[in-house]
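Okay, structure first, notes after.
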Amino acid sequence: MQFQQLVYFVAVAETRHFTRAAERVHVAQPSLSQQIKALEQELGAELFSRARGNIALTDAGEALLPLARRILADAETARVEVQELAQLRRGRIRLGATPSLCTGLLPDVLRSFHDAHPGIELLIEEGGSHDLVRELARGALDLALIALPLPPSAPSLQTVELLTEDLVVVSAESAPPPGGGGELTVADLRTEPMVMFRHGYDLRELTVAACRAEGFEPSFTVEGGEMDAVLGFARAGLGLAVVPAMVADRAGPGLRTTRLAGSPLRRTIALAHRTDVAPPRAARELRRVLLAGRQRGA
(Lines give C-alpha, C1' and ligand atoms only; values in the text may rest on other atoms or scores of the structure.)
Protein backbone atom coordinates (compact mmCIF):
# COMPACT_ATOMS: atom_id res chain seq x y z
CA MET A 1 0.00 0.00 0.00
CA GLN A 2 1.49 3.32 -1.07
CA PHE A 3 0.86 6.71 0.49
CA GLN A 4 -0.09 8.28 -2.84
CA GLN A 5 -2.67 5.54 -3.44
CA LEU A 6 -4.43 6.63 -0.24
CA VAL A 7 -4.40 10.24 -1.45
CA TYR A 8 -6.09 9.15 -4.70
CA PHE A 9 -8.56 6.91 -2.86
CA VAL A 10 -9.70 9.72 -0.53
CA ALA A 11 -10.04 12.11 -3.48
CA VAL A 12 -12.33 9.69 -5.34
CA ALA A 13 -14.29 8.92 -2.17
CA GLU A 14 -14.93 12.62 -1.55
CA THR A 15 -15.70 13.65 -5.14
CA ARG A 16 -17.42 10.38 -6.19
CA HIS A 17 -15.91 11.03 -9.61
CA PHE A 18 -12.61 9.78 -11.05
CA THR A 19 -12.03 12.72 -13.39
CA ARG A 20 -12.74 15.37 -10.74
CA ALA A 21 -10.56 13.46 -8.27
CA ALA A 22 -7.71 13.41 -10.78
CA GLU A 23 -8.04 17.18 -11.24
CA ARG A 24 -7.97 17.70 -7.47
CA VAL A 25 -4.71 15.78 -7.01
CA HIS A 26 -3.18 17.04 -10.28
CA VAL A 27 -2.67 13.68 -11.99
CA ALA A 28 -3.93 12.19 -15.25
CA GLN A 29 -7.16 10.29 -14.81
CA PRO A 30 -5.82 7.00 -16.27
CA SER A 31 -2.91 7.07 -13.79
CA LEU A 32 -5.29 7.64 -10.91
CA SER A 33 -7.52 4.76 -12.03
CA GLN A 34 -4.50 2.44 -12.32
CA GLN A 35 -3.36 3.29 -8.80
CA ILE A 36 -6.85 2.70 -7.37
CA LYS A 37 -6.97 -0.69 -9.12
CA ALA A 38 -3.51 -1.55 -7.74
CA LEU A 39 -4.68 -0.61 -4.25
CA GLU A 40 -7.75 -2.85 -4.61
CA GLN A 41 -5.53 -5.73 -5.72
CA GLU A 42 -3.23 -5.16 -2.77
CA LEU A 43 -6.15 -5.20 -0.32
CA GLY A 44 -7.99 -8.01 -2.09
CA ALA A 45 -11.29 -6.12 -2.23
CA GLU A 46 -13.03 -3.60 -4.45
CA LEU A 47 -13.28 -0.16 -2.90
CA PHE A 48 -15.77 1.43 -5.28
CA SER A 49 -18.84 0.19 -7.11
CA ARG A 50 -19.15 1.68 -10.59
CA ALA A 51 -22.76 0.92 -11.55
CA ARG A 52 -23.98 2.95 -14.55
CA GLY A 53 -21.38 5.65 -14.06
CA ASN A 54 -22.26 6.23 -10.41
CA ILE A 55 -19.33 5.91 -8.03
CA ALA A 56 -20.11 4.62 -4.55
CA LEU A 57 -18.01 3.19 -1.74
CA THR A 58 -18.26 -0.52 -1.12
CA ASP A 59 -18.25 -1.87 2.43
CA ALA A 60 -14.49 -2.27 2.12
CA GLY A 61 -14.20 1.31 0.94
CA GLU A 62 -16.33 2.57 3.83
CA ALA A 63 -14.05 0.72 6.25
CA LEU A 64 -10.87 2.11 4.66
CA LEU A 65 -11.95 5.76 4.35
CA PRO A 66 -11.62 6.88 8.02
CA LEU A 67 -8.34 4.98 8.34
CA ALA A 68 -6.97 6.57 5.17
CA ARG A 69 -7.99 10.04 6.36
CA ARG A 70 -6.28 9.42 9.68
CA ILE A 71 -3.07 8.29 7.96
CA LEU A 72 -3.06 11.37 5.72
CA ALA A 73 -3.76 13.66 8.68
CA ASP A 74 -0.92 12.09 10.65
CA ALA A 75 1.40 12.53 7.69
CA GLU A 76 0.46 16.22 7.43
CA THR A 77 1.03 16.67 11.16
CA ALA A 78 4.45 15.07 10.81
CA ARG A 79 5.29 17.35 7.87
CA VAL A 80 4.28 20.45 9.83
CA GLU A 81 6.16 19.40 12.97
CA VAL A 82 9.36 18.70 11.06
CA GLN A 83 9.01 21.94 9.10
CA GLU A 84 8.55 23.91 12.31
CA LEU A 85 11.62 22.30 13.82
CA ALA A 86 13.53 23.28 10.70
CA GLN A 87 12.28 26.85 11.09
CA LEU A 88 13.97 27.00 14.47
CA ARG A 89 17.28 26.25 12.76
CA ARG A 90 16.91 28.97 10.18
CA GLY A 91 14.61 31.86 9.32
CA ARG A 92 14.08 35.34 10.67
CA ILE A 93 12.06 37.28 13.21
CA ARG A 94 10.96 40.87 12.67
CA LEU A 95 10.62 42.38 16.15
CA GLY A 96 9.61 45.93 16.92
CA ALA A 97 10.45 47.57 20.24
CA THR A 98 10.68 50.99 21.77
CA PRO A 99 14.26 52.27 22.08
CA SER A 100 14.10 52.07 25.88
CA LEU A 101 13.34 48.35 25.68
CA CYS A 102 16.10 47.83 23.14
CA THR A 103 18.43 49.38 25.69
CA GLY A 104 17.07 47.76 28.85
CA LEU A 105 15.18 44.50 28.29
CA LEU A 106 16.16 43.03 24.94
CA PRO A 107 19.96 42.61 25.00
CA ASP A 108 19.92 39.77 27.54
CA VAL A 109 16.81 38.13 26.07
CA LEU A 110 18.11 38.23 22.51
CA ARG A 111 21.53 36.93 23.58
CA SER A 112 19.87 33.93 25.24
CA PHE A 113 17.63 33.33 22.23
CA HIS A 114 20.52 33.63 19.77
CA ASP A 115 22.61 31.17 21.77
CA ALA A 116 19.76 28.63 21.55
CA HIS A 117 18.87 29.34 17.90
CA PRO A 118 21.93 30.80 16.15
CA GLY A 119 20.54 30.23 12.66
CA ILE A 120 17.60 32.62 13.13
CA GLU A 121 18.14 36.15 11.91
CA LEU A 122 16.82 38.81 14.30
CA LEU A 123 15.63 42.01 12.63
CA ILE A 124 14.92 44.74 15.19
CA GLU A 125 13.00 47.92 14.42
CA GLU A 126 13.05 50.70 16.97
CA GLY A 127 10.17 53.11 17.19
CA GLY A 128 7.47 54.63 19.33
CA SER A 129 4.50 52.48 20.22
CA HIS A 130 2.19 54.22 17.74
CA ASP A 131 4.67 53.65 14.92
CA LEU A 132 5.11 49.98 15.87
CA VAL A 133 1.35 49.41 15.93
CA ARG A 134 1.14 50.73 12.38
CA GLU A 135 4.00 48.47 11.28
CA LEU A 136 2.27 45.45 12.83
CA ALA A 137 -0.96 46.31 11.04
CA ARG A 138 0.68 46.43 7.62
CA GLY A 139 2.51 43.13 8.16
CA ALA A 140 6.02 44.59 8.42
CA LEU A 141 6.59 43.08 11.89
CA ASP A 142 5.94 39.66 13.42
CA LEU A 143 5.93 40.84 17.04
CA ALA A 144 6.21 44.17 18.82
CA LEU A 145 6.85 45.33 22.36
CA ILE A 146 4.59 48.32 22.89
CA ALA A 147 3.29 50.50 25.71
CA LEU A 148 -0.31 50.14 26.81
CA PRO A 149 -2.97 51.29 26.40
CA LEU A 150 -3.25 50.98 22.65
CA PRO A 151 -4.34 54.12 20.81
CA PRO A 152 -8.09 54.25 20.03
CA SER A 153 -7.40 53.88 16.31
CA ALA A 154 -5.21 50.78 16.75
CA PRO A 155 -6.02 47.74 14.59
CA SER A 156 -7.07 44.46 16.14
CA LEU A 157 -4.04 43.10 17.96
CA GLN A 158 -3.53 40.34 20.48
CA THR A 159 -1.59 41.69 23.46
CA VAL A 160 -0.15 40.06 26.57
CA GLU A 161 1.15 42.22 29.39
CA LEU A 162 4.85 41.59 29.81
CA LEU A 163 5.98 43.94 32.54
CA THR A 164 5.20 47.09 34.45
CA GLU A 165 8.18 49.35 34.99
CA ASP A 166 8.79 52.42 37.10
CA LEU A 167 9.93 55.65 35.51
CA VAL A 168 12.71 57.58 37.21
CA VAL A 169 14.43 60.91 36.78
CA VAL A 170 18.02 61.05 35.54
CA SER A 171 20.23 64.09 35.75
CA ALA A 172 23.90 64.99 35.41
CA GLU A 173 26.06 63.91 38.34
CA SER A 174 28.04 67.10 37.85
CA ALA A 175 24.96 69.26 38.50
CA PRO A 176 23.19 69.84 41.83
CA PRO A 177 20.65 67.12 42.58
CA PRO A 178 17.08 67.96 41.58
CA GLY A 179 14.77 69.05 44.38
CA GLY A 180 17.75 69.86 46.57
CA GLY A 181 18.58 66.20 47.03
CA GLY A 182 15.42 65.27 48.88
CA GLU A 183 12.37 63.39 47.64
CA LEU A 184 11.24 64.33 44.17
CA THR A 185 7.65 64.27 42.95
CA VAL A 186 6.07 64.98 39.59
CA ALA A 187 4.94 68.35 40.97
CA ASP A 188 8.58 69.26 41.62
CA LEU A 189 9.29 69.02 37.89
CA ARG A 190 7.42 72.33 37.48
CA THR A 191 10.61 74.26 38.26
CA GLU A 192 13.09 71.92 36.61
CA PRO A 193 14.34 72.22 33.00
CA MET A 194 13.86 68.97 31.11
CA VAL A 195 15.12 67.26 27.99
CA MET A 196 12.35 65.50 26.13
CA PHE A 197 11.79 62.81 23.51
CA ARG A 198 10.29 63.51 20.11
CA HIS A 199 6.55 63.63 19.45
CA GLY A 200 4.96 60.18 19.12
CA TYR A 201 7.25 58.72 21.79
CA ASP A 202 5.17 57.06 24.50
CA LEU A 203 7.50 58.26 27.28
CA ARG A 204 6.95 61.84 26.17
CA GLU A 205 3.19 61.46 26.20
CA LEU A 206 3.20 59.78 29.61
CA THR A 207 5.45 62.43 31.17
CA VAL A 208 3.57 65.38 29.72
CA ALA A 209 0.23 63.90 30.82
CA ALA A 210 1.53 63.44 34.38
CA CYS A 211 2.73 67.05 34.51
CA ARG A 212 -0.58 68.36 33.20
CA ALA A 213 -2.39 66.30 35.84
CA GLU A 214 -0.40 68.33 38.39
CA GLY A 215 -1.52 71.56 36.70
CA PHE A 216 1.53 72.67 34.74
CA GLU A 217 3.26 72.38 31.39
CA PRO A 218 6.83 71.04 31.57
CA SER A 219 9.66 73.27 30.41
CA PHE A 220 11.97 71.77 27.77
CA THR A 221 15.50 72.96 27.09
CA VAL A 222 15.96 70.35 24.33
CA GLU A 223 13.35 68.13 22.72
CA GLY A 224 13.12 65.75 19.80
CA GLY A 225 15.67 63.07 20.60
CA GLU A 226 15.68 59.28 20.83
CA MET A 227 16.75 57.45 24.00
CA ASP A 228 20.52 57.66 23.54
CA ALA A 229 20.32 61.33 22.63
CA VAL A 230 18.12 62.21 25.59
CA LEU A 231 20.46 60.41 27.99
CA GLY A 232 23.39 62.29 26.45
CA PHE A 233 21.62 65.65 26.86
CA ALA A 234 20.86 64.86 30.51
CA ARG A 235 24.47 63.74 31.10
CA ALA A 236 25.65 67.05 29.65
CA GLY A 237 23.56 68.95 32.20
CA LEU A 238 20.97 70.31 29.79
CA GLY A 239 18.08 69.15 31.96
CA LEU A 240 16.34 66.27 33.65
CA ALA A 241 14.93 63.30 31.75
CA VAL A 242 12.22 60.83 32.75
CA VAL A 243 13.21 57.33 31.65
CA PRO A 244 12.45 53.71 32.61
CA ALA A 245 14.34 52.43 35.65
CA MET A 246 15.91 49.58 33.65
CA VAL A 247 17.36 52.12 31.21
CA ALA A 248 18.74 54.24 34.07
CA ASP A 249 20.38 51.15 35.56
CA ARG A 250 22.30 50.60 32.30
CA ALA A 251 22.95 54.25 31.46
CA GLY A 252 26.58 54.20 32.57
CA PRO A 253 28.61 56.86 34.43
CA GLY A 254 27.80 60.53 34.55
CA LEU A 255 24.10 60.22 35.43
CA ARG A 256 22.31 60.38 38.77
CA THR A 257 19.07 58.46 39.25
CA THR A 258 16.30 59.88 41.42
CA ARG A 259 13.17 57.95 42.23
CA LEU A 260 9.81 59.68 42.08
CA ALA A 261 7.99 59.68 45.40
CA GLY A 262 4.27 59.94 46.05
CA SER A 263 2.40 58.53 43.06
CA PRO A 264 5.27 57.17 40.96
CA LEU A 265 5.08 57.12 37.19
CA ARG A 266 4.76 53.66 35.66
CA ARG A 267 4.15 52.20 32.24
CA THR A 268 2.91 48.79 31.15
CA ILE A 269 4.64 46.99 28.30
CA ALA A 270 2.83 44.35 26.25
CA LEU A 271 3.89 41.88 23.60
CA ALA A 272 1.63 42.24 20.56
CA HIS A 273 0.93 40.56 17.25
CA ARG A 274 -1.88 40.61 14.71
CA THR A 275 -4.97 38.55 15.49
CA ASP A 276 -5.60 37.57 11.87
CA VAL A 277 -2.11 36.20 11.11
CA ALA A 278 -0.28 33.68 13.28
CA PRO A 279 3.38 34.61 13.85
CA PRO A 280 5.91 32.26 12.23
CA ARG A 281 7.29 29.40 14.30
CA ALA A 282 10.50 31.18 15.22
CA ALA A 283 8.58 34.28 16.36
CA ARG A 284 6.31 32.11 18.49
CA GLU A 285 9.39 30.64 20.16
CA LEU A 286 10.75 34.12 20.92
CA ARG A 287 7.33 35.04 22.30
CA ARG A 288 7.50 32.00 24.58
CA VAL A 289 10.94 33.04 25.81
CA LEU A 290 9.78 36.58 26.55
CA LEU A 291 6.71 35.39 28.44
CA ALA A 292 8.75 32.83 30.37
CA GLY A 293 11.03 35.66 31.47
CA ARG A 294 7.98 37.58 32.64
CA GLN A 295 6.86 34.64 34.78
CA ARG A 296 10.32 34.24 36.32
CA GLY A 297 10.40 37.91 37.18
CA ALA A 298 6.89 37.93 38.66
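The values are calculated or read from the model by the stated rules, or taken from the named source; none is laboratory data. Not measured: the values here are computed from a predicted model. Glycine also receives a Cβ, built like all others from the backbone with ideal geometry; neighbour counts cover every protein chain displayed. Surface accessibility is based on the protein's heavy atoms, side chains included, excluding ligands, DNA and RNA. Shrake-Rupley method; radii C 1.70, N 1.55, O 1.52, S 1.80 Å.
Some points to look at:
- The listed residue being of a type in the set (A, V, I, L, M) and within 30 Å of His117 (Cβ to Cβ), out of Ala22, Ala28, Ala38, Ala73: Ala73
- Just so you know, in region 198-229 the residues that are open to solvent by less than 50 Å² (accessible area, probe 1.4 Å) and on the phi > 0 side of the Ramachandran plot include one that is modelled with the highest pLDDT, and it is Gly224.
- Some residue of region 56-69 being at pLDDT 85 or above, over 30 Å from Ser33 (Cβ atoms) and either surrounded by 12 or more Cβ atoms within 10 Å (Cβ to Cβ) or touching a strand residue (DSSP E or B) at 6+ places or on another chain (Cβ under 9 Å) (or both): no
- Hits in region 126-185 (condition: within 15 Å of the chain's Cα centre (by Cα), closer than 30 Å to Leu238 by Cα and polar (S, T, N, Q)): Ser129
- For region 276-290, the set of residues classified as exposed (fewer than 14 other Cβ atoms within 10 Å of the Cβ) and either at pLDDT 90 or above or assigned to a helix (DSSP H, G or I) (or both) consists of Arg288 only.
- Extreme residue, most open to solvent (accessible area, probe 1.4 Å), among residues of region 246-259 that are part of a helix (DSSP H, G or I) and at pLDDT below 90: Asp249
- Residue count for region 168-191, restricted to those that are assigned to a helix (DSSP H, G or I) and polar (S, T, N, Q): 1
- Boolean, Arg79 is open to solvent by 50 Å² or more (accessible area, probe 1.4 Å), modelled with pLDDT of 90 or more, out of contact with any Gly (no Cβ under 7 Å at 6 or more places or on another chain) and of a type in the set (Lys, Arg): no
- Sole residue being more than 17 Å from Ile146 (Cβ to Cβ) and either part of a strand (DSSP E or B) or open to solvent by 60 Å² or more (accessible area, probe 1.4 Å) (or both), chosen from Gly262, Gly232: Gly262
- Inter-residue pairs, beta-carbon under 8 Å, first of a type in the set (Lys, Arg) and in region 279-298, second open to solvent by less than 50 Å² (accessible area, probe 1.4 Å) and at pLDDT 75 or above, 6+ apart: Arg281/Leu88; Arg281/Gly91; Arg287/Leu143; Arg287/Leu271; Arg287/His273; Arg287/Pro279; Arg294/Leu162; Arg294/Leu163
- The helices (runs of 4 or more DSSP H) falling completely within region 30-134 that include 3 or more residues that are over 30 Å from Leu145 (Cα atoms) map to 59-87.
- Qualifying residue in region 32-55 (condition: under 45 Å from the mean Cα position of the chain (by Cα) and under 19 Å from Glu76 (Cβ atoms)): no
- Single unsatisfied condition, Phe18 versus (1) among the aromatic types (Phe, Trp, Tyr); (2) open to solvent by 20 Å² or more (accessible area, probe 1.4 Å); (3) over 46 Å from the mean Cα position of the chain (by Cα): (3)
- If you go through region 82-111 and keep only what is over 30 Å from Ala13 (Cβ atoms) and either loosely packed, with under 13 Cβ neighbours inside 10 Å or free of Cβ contacts under 8 Å to residues at least 12 places away in the same chain (or both), you end up with Leu85, Ala86, Arg89, Arg90, Pro107, Asp108, Arg111.
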